[in-house]
Amino acid sequence: MAQKRTSRARSSSLRSRSIGCLFWLCLIAVIVAVGYATRAQLADTFSRLAGGGGKPGAATSAPKVTMRQLPETSVPPATDTGSQPPNAPAAQPPGKPPAASPDRVVTVTRPAAPAQTPERPILRKTRLFFLSVDQNGNILMKGVIRPIPQSDSPLKDALETLLKGPTSQEINLGLLTMIPTGTLLRGVTVKDDIAYLDFSESFRFNTLGVDGMKAQLRQVVYAATEFPTVRKVQFLIEGKKVDYLGTEGVKINEPLSRSSF
């Protein structure tokens, strides 16, 4: 019985070994069959990696180069730049301004025009009359020479200057005016040696009484008769002839001359 058991164990061991060998043989056969089946794909893959263009065994070929002749163009002759650096701008022809490059702004400055001096007006010397008061209270007539710009209405210019009164320098010399402040000259007309002078309403009223009114009339008459075309003066107030100046009764309804005072 013991021998039978031993022989059975040996036979089962041999069977196991034969089955193991058979398994490994089948596995090797399967691997060989798979390798043979995929041989074409492996060859194609290796040929691509080697640069064969996707075909097995294809060799890598060099790229083709085609030589073409350039078109003939006019090339400017080379100029000798001397010691100029490569990036130096080309010299410009004489008489032409430098050409502006995209990254450079050329500023052209023109010479400033000479300053023009204003023309001085032509002056005309005119005698005006102001007043002074002596130690006894007497009103005296004083003539002063004034330079006045020359114009087409010299009589009007002289009288308007008179209405402005004496200058600060003349006041320091003791000169004054009796013409009421704010008096305006509305118009001047000369006809037959008579100057028709139209004054504003302020000319009628003088706070210094009759002496002041007579003094202001003398100032105007003397200044107007300095002109050779005027011998007398007819006073108008707001364009109208009035009989008296103020409320004191100084008569002005007729033309007055220097001899009237």
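The values are calculated or read from the model by the stated rules, or taken from the named source; none is laboratory data. Small disclaimer: the values here were computed from a predicted structure and weren't measured. Cβ atoms come from the backbone with ideal geometry, glycine included; neighbour counts cover every protein chain shown.
Table for the structure above
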read-out	value
Residue identified as touching a helix residue (DSSP H, G or I) at 6+ places or on another chain (Cβ under 6 Å), in the same structural domain as residue 162 (by TED's automatic domain parsing) and of a type outside the set (D, E, K, R) among 245, 197, 236	245
Residue that is nearest to the chain's Cα centre (by Cα) [pool: residues in the range 142-163 that are in a strand (DSSP E or B) and exposed (fewer than 14 other Cβ atoms within 10 Å of the Cβ)]	149
Selected residue (criterion: surrounded by the most Cβ atoms within 10 Å (Cβ to Cβ)) from residues of the range 125-136 that are touching a residue at least 24 places away in the same chain (Cβ under 8 Å) and either more than 10 Å from residue 176 (Cα to Cα) or not assigned by TED's automatic domain parsing to the domain that holds residue 155 (or both)	128
Selection count where residues are part of a loop (DSSP other than H, G, I, E, B), more than 50 Å from the chain's Cα centre (by Cα) and surrounded by fewer than 18 Cβ atoms within 10 Å (Cβ to Cβ), scope the range 177-196	2
Residue within the range 220-230 that is in contact with an Asp or Glu (Cβ under 7 Å, 6 or more places away or on another chain), assigned to a helix (DSSP H, G or I) and modelled with pLDDT of 90 or more present	no
Near pairs, Cβ below 6 angstrom, 6+ apart or cross-chain, from the range 137-165 (basic (Lys, Arg)) to any residue that is surrounded by 12 or more Cβ atoms within 10 Å (Cβ to Cβ)	142/130; 142/132; 142/175; 146/126; 146/128; 156/188
Residue that is farthest from residue 141 (Cα to Cα), among those in the range 250-261 that are assigned to a loop (DSSP other than H, G, I, E, B), in contact with a helix residue (DSSP H, G or I) (Cβ under 9 Å, 6 or more places away or on another chain) and touching a residue at least 24 places away in the same chain (Cβ under 8 Å)	252
Matching residues, the range 238-249, being on the phi < 0 side of the Ramachandran plot and in contact (Cβ under 8 Å) with a residue 40 or more places away in the chain	245
Contacts under 7 angstrom Cβ, first residue in the range 172-189 being assigned by TED's automatic domain parsing to the domain that holds residue 159, partner basic (Lys, Arg), 6 or more apart	175/142; 185/156; 188/156
Residue 217 over 51 Å from the mean Cα position of the chain (by Cα), more than 25 Å from residue 241 (Cα to Cα), at pLDDT 90 or above and not aromatic (Phe, Trp, Tyr)	no
